[in-house]
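To start, the structure itself, in structure tokens.
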Amino acid sequence: MQLEKMVKFHKAVGDTTRLRIIALLRQGPLHGQAIAGKLGLRPPTITHHLKKLKDTGMVYSRRDKNTIYFYLDERRLEFMTTAILRIGDESSMNAEELYMEEKDQVKIIQNFVSVEGRLKQMPRQLKKKLVILSYFVQWFEQGKTYDEKEVNEYIQTFFDDFATVRREWVMQQFMYRENNRYELNPVEMWPVVVKR
């Protein structure tokens, strides 16, 4: 399923109009009419292309009163464009910015997880957050899909705010979501892997 997501991503960016939209959104958020005007295209055409980009997760939208603005998630775009280089490459998980000794990971888990196994709070610092997300996501089985209710029920066994944890797993590439079904990404795509 994850490979399909990568293929979908590369198909989405393999279009001249979509690449032009990405270039525009790198300069800042825009609404659909503005994008259409800058590219000299009709709004329905822009809507079609924006949907393809949103399906990959690299573009998201926010409403401001009656106007919907589109934003580029540059971090996700960069992650997906380099994902193919990380498949089967364990060294990518040891990138300098995310590298952490096992003893430091254990300390983070001890600080944020109670003796009963409940998450006290979600860490704010990215490195610590990734350790916690990796620690808890390993309950899921590789290759098995889960519906949203199952995911929520599991999260509630250790943290009340299931929506935040679920969203973070997807945003940080631990899990893949499609049509409210969730599946673990291959471990090679995780930003951090914590030994349990």
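The values are calculated or read from the model by the stated rules, or taken from the named source; none is laboratory data. If you're wondering where the values come from, they're calculated on a predicted model, not measured in any experiment. Please note: Cβ atoms are built from the backbone with ideal geometry, for glycine as well, and neighbour counts cover all protein chains shown. Surface accessibility is based on the protein's heavy atoms, side chains included, excluding ligands, DNA and RNA. Shrake-Rupley method; radii C 1.70, N 1.55, O 1.52, S 1.80 Å.
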* Unmet criterion (only one of (1) in contact with an Asp or Glu (Cβ under 8 Å, 6 or more places away or on another chain); (2) within 21 Å of K195 (Cβ to Cβ); (3) of a type outside the set (G, A, S)) for L119 -> (1)
* Can you run down the residue pairs with Cβ atoms below 8 Å, 6 or more apart or on separate chains, where the first is in segment 138-156 and over 20 Å from K120 (Cβ atoms) and the partner is of a type in the set (V, I, T)? => Q142/V187
* **Residue that is touching a strand residue (DSSP E or B) at 6+ places or on another chain (Cβ under 6 Å) and modelled with pLDDT of 90 or more, where the choices are W139, W169** => W169
* Asked: How many residues does segment 66-87 hold that are more than 14 Å from the chain's Cα centre (by Cα) and over 20 Å from N185 (Cα atoms)?
  -> 6
* Structure fact -> Picked from segment 37-87 (must be modelled with pLDDT of 85 or more and among the acidic types (D, E)), the residue surrounded by the most Cβ atoms within 10 Å (Cβ to Cβ) is D73
* Asked: Does segment 13-34 include one or more residues that are in a helix (DSSP H, G or I), open to solvent by 30 Å² or more (accessible area, probe 1.4 Å), under 30 Å from Y146 (Cα atoms) and out of contact with any strand residue (DSSP E or B) (no Cβ under 8 Å at 6 or more places or on another chain)?
  -> no
* Which pairs have Cβ atoms under 7 Å, sit 6 or more apart or on different chains, and link a residue in segment 42-69 that is touching a residue at least 40 places away in the same chain (Cβ under 8 Å) to one that is aromatic (F, W, Y)? -> T56/F9
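Per-residue answers, yes or no, for (1) among the acidic types (D, E); (2) under 15 Å from the mean Cα position of the chain (by Cα):
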position: F136; (1), (2): no, no
position: E153; (1), (2): yes, no
position: F159; (1), (2): no, no
position: W169; (1), (2): no, yes
position: F174; (1), (2): no, yes
position: E178; (1), (2): yes, yes
position: L184; (1), (2): no, yes
position: V187; (1), (2): no, yes
